[in-house]
Structures are given as structure tokens and as C-alpha cells.
Amino acid sequence: MITPERLPERSRRTLADTLAPGEEILWLARATPRMFTNRTVFPFMFGMLWLSFMLFVATQPSQNPPPPGDIDSPLMFAFFCLVGAGLTSVPLIAWLLGRNTVYAVTDRRALIFEGWPTEKIRTFPAGRIAWQRRDTYFGRADLVFGTEVTSVEINDDNTRDYGFLNIKGAARVEELLGAINTLATENPSEHPGPAPEAASPLTTIPEHLAQRLQAELRPGERVVWRGVPVKRWFSTDSLPAFLVGLFMLAFIGVAVQATLSSQPPGAADPMLVGFVAVFVVMAGAGAVIALSPLGERLRSSNTVYAVTDRRLIEISGSRERHIRSYRPEQLTELTRIDRPGSRGDILIGDEAEIRDIKTQGGQPRGLYNIRNPAHIERLLRDLVNRYNTQPPPTSRPAAPRPITRIIKRYN
């Protein structure tokens, strides 16, 4: 265990902003970086073989200057060297990720701070923490809380574990987690969770979104909270797509330059038309992928969330408007993901259900990148509690079978 003073300035500031008033730290540790794991060894070895082959090609004598499209040309050689360098840097990326990760157990929850490449905070409330212990080497162990789907597939596996990984004194940490789980179960009133920041019941939102929300409200329905996602350019979903799109455009640029340079002056090759058509299609696909952050930002500009005294409402889309309504009985299982800057996501469903949706390539339903997620979660749980304690009147129409009602409207 370490003290907060031994943490880097950035991690110490994030920890101070995350803890609620009166919340006490029981255990605090930094993750031990691991460069070589079963997910990093294969890319590293393949990258070394790749660079060795490029070095072999570079050392071969050449009688004539190579054509621009050949692997010996400086442009193509530099491109393939960059690919090899990226593969061999995977262990370094894993080391940086581990070095900037902090684990904490408080009297109310377990916390995981990931500070690189972007800040991310995972919260596991007391009373609902489940883990599986996996002993490693040199007296260390992993306390695995669950698995998540990643955008990278290595060794036919696109999932990774999350939790307290490669820590010392795992037995002591298990005792602490079990103790706060027991206390939260026996005395729920004494473990209310982190206190949220005060939030205005009716946050000011753009006029066109306010009009859409007002048109969706039913007679007598009262809005308890409304808000919009925090606009951002890059996220864990859009950043990989942006990098892939740039890679495709760079590769196509090199291929076009090599193809055009290999043509003799004044010669007309009938195959050139076909190559150009293929390059245009691929360049268009690369541009669409690279512009995915712009699409995400536009979607967030046309999305509004609202909690009423009857349900949760999500309205999104510009030309084709999507309206999703969630009744209280559909909100019994909520998963909150905290992020720096008092932001976070509230997903509908438990961790197992969310993991299954992501494994199948879908996106879980919920509220994404909103401010004061703890406050909104409390409003939703109050809505569910009121529904459970005060059953709806018999005149209320029967609930439809689908979990999520989706309505499409066209201007």
C-alpha cells in the first residue's frame, strides 16, 4: 500500500476529485507494469521478424535504382518500417498503460484509475463487487472483476480482463473487498455511495432539442432532469477508427504514387483505369472511417436525455429522429462508468449483459458522456423505487414486450 503523496500529480489530482466528502481510503496501490504478456508477445515477435526482413532487404546490393513501386524504394521501405515499429512498440504501450494505472479501495467502493492514453475511472460500488483470484508469479495475483471487449483481436481473442491486476498482498485486498461488501449489505444506509455534485434539475439545452423533448412529453408528465452529452472528438470507439482510416489513406497514397511512377511516359495502360477505380473506392472508404470522430460529434450535438416522473427518454438524430423510452421496470439494473471531469456513462443492464452485447458487436443502451452521472443514477433509482412502492393504476396500458421502444419520425 502507498500513500496519495507518492502518486504522480495527475493521478493524485484525479483521486482527490473523485473521492466524496468523508470517503476514506482503505488501500491504495499503483499497478506493476508488465511489458510481455500473452497479448503483447506475439505482436512484438512478429514485428521483430518484420523489421529483420526489412533490414535484410535493405542490405541487398542493387545494380539499378529500384522503381518507385518496389519494396526497395525509399517511400515503400519507410512505410513498411513504420508498420514494423508499430508492432514492436506494443509491449511499450502496455508498460505505459500499467505505469499510469492506480487501484484503490475505500469504505464505499473499489476504484480503478487508468491515466494513459486518456483518463478513465471505473467504479465498483460496495455490496456488488465480485472477483476471481488468479495467482501469477513472485507472490503476486490478479483480482479479476470481469472481462471487456476490445477493438483489437490478438490470438483469436478480442477480450481482456479488468480488475486489480498483478498486485502484492492480494489476500489482504480480498479481505477489504469482502468487508465493505458485507457492511454495505447489512447497513445500506451507511454506505450511500459517493455524493454527487449538485446539478440543476432543468439544465439549459439547445432550443431545437428542447422543442423535440417537449413534443415527446405526455399530458401531465413532468421533467425531473434533462441534459445533453458532452461534445468530444475522440473516444475509445472513434480513435481506433480514425487511426485505421489514416493508415488506409497513407497506404493508398503510397500505392497510387508507386503505380503512376511505374508507368512509362506517354504509355497508356488499359489496366490503369481499373487500378484507379479500385484506389478511388478504397480512398473513399478510408476517408469515411477517418471522419468517424466528426460523425460522433454530430450525433452528440443532436442527442438529448431526460428523466421524467414516469420514464427515461433518449432522443437522437437530425433528419431521422430516434426516440427511445425506458419504463421504470426496465431500469432495475444500471451500470455506471465514471470518467474524469465529473463525466460518465450510465448503461442499462448488468455487467454480464453489457459484455454480451459488446461481444456481439452492439452498443449497450444508456446515457453516454453526461455530467454528474452519480446524480442521474440516483434519480433513476428513485424512479424505480417509486414505481415499486406505488404500483401504476389498472387503467395504465400494458407494457409492450420489447425492452426498448424505438420510434422513428421524419421531418
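The values are calculated or read from the model by the stated rules, or taken from the named source; none is laboratory data. Just so it is clear, the structure is predicted and the values come from calculations on it, not from any experiment. Cβ sites come from the backbone with ideal geometry, for glycine too, and all protein chains shown count toward neighbours.
Overview of results
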{"read-out": "Some residue of the range 120-140 being of a type in the set (A, V, I, L, M, F, W, C) and at pLDDT below 80", "value": "yes"}
{"read-out": "Which listed residue is under 21 Å from Met76 (Cβ atoms) and either within 32 Å of the chain's Cα centre (by Cα) or at pLDDT below 80 (or both), from Leu209, Leu294, Leu246", "value": "Leu246"}
{"read-out": "Residue that is modelled with the lowest pLDDT [pool: residues in the range 227-243 that are within 30 Å of Phe275 (Cβ to Cβ) and in contact with a strand residue (DSSP E or B) (Cβ under 9 Å, 6 or more places away or on another chain)]", "value": "Pro240"}
{"read-out": "Residue check, Asp345 among the acidic types (Asp, Glu) and modelled with pLDDT under 85", "value": "no"}
{"read-out": "Residue that is part of a loop (DSSP other than H, G, I, E, B) and either closer than 28 Å to Leu246 by Cα or at pLDDT 80 or above (or both), where the choices are Pro61, Pro67, Pro91", "value": "Pro67"}
{"read-out": "Considering residues of the range 349-388 that are of a type in the set (Lys, Arg) and modelled with pLDDT of 85 or more only, the residue farthest from Arg327 (Cα to Cα)", "value": "Arg378"}
{"read-out": "Unmet criterion (only one of (1) closer than 15 Å to Val228 by Cβ; (2) touching a strand residue (DSSP E or B) at 6+ places or on another chain (Cβ under 9 Å); (3) at pLDDT 80 or above) for Ser300", "value": "(3)"}
{"read-out": "Scope the range 4-21; condition assigned to a helix (DSSP H, G or I), over 21 Å from the mean Cα position of the chain (by Cα) and of a type in the set (Gly, Ala, Ser); matching residues", "value": "Ala16"}
{"read-out": "When residues of the range 297-333 are limited to those that are in a helix (DSSP H, G or I) and over 20 Å from the mean Cα position of the chain (by Cα), the one surrounded by the fewest Cβ atoms within 10 Å (Cβ to Cβ)", "value": "Glu329"}
{"read-out": "Arg327 touching a Phe, Trp or Tyr at 6+ places or on another chain (Cβ under 7 Å), farther than 30 Å from Tyr162 by Cα and either of a type in the set (A, V, I, L, M, F, W, C) or not assigned by TED's automatic domain parsing to the domain that holds Val102 (or both)", "value": "no"}
{"read-out": "Members of the range 336-365 that are assigned to a strand (DSSP E or B), touching a residue at least 24 places away in the same chain (Cβ under 8 Å) and out of contact with any Asp or Glu (no Cβ under 6 Å at 6 or more places or on another chain)", "value": "Asp338, Arg339, Arg343, Asp345"}
{"read-out": "Selection status of Ile252, within 30 Å of Leu217 (Cα to Cα) and either surrounded by 14 or more Cβ atoms within 10 Å (Cβ to Cβ) or at pLDDT 80 or above (or both)", "value": "no"}
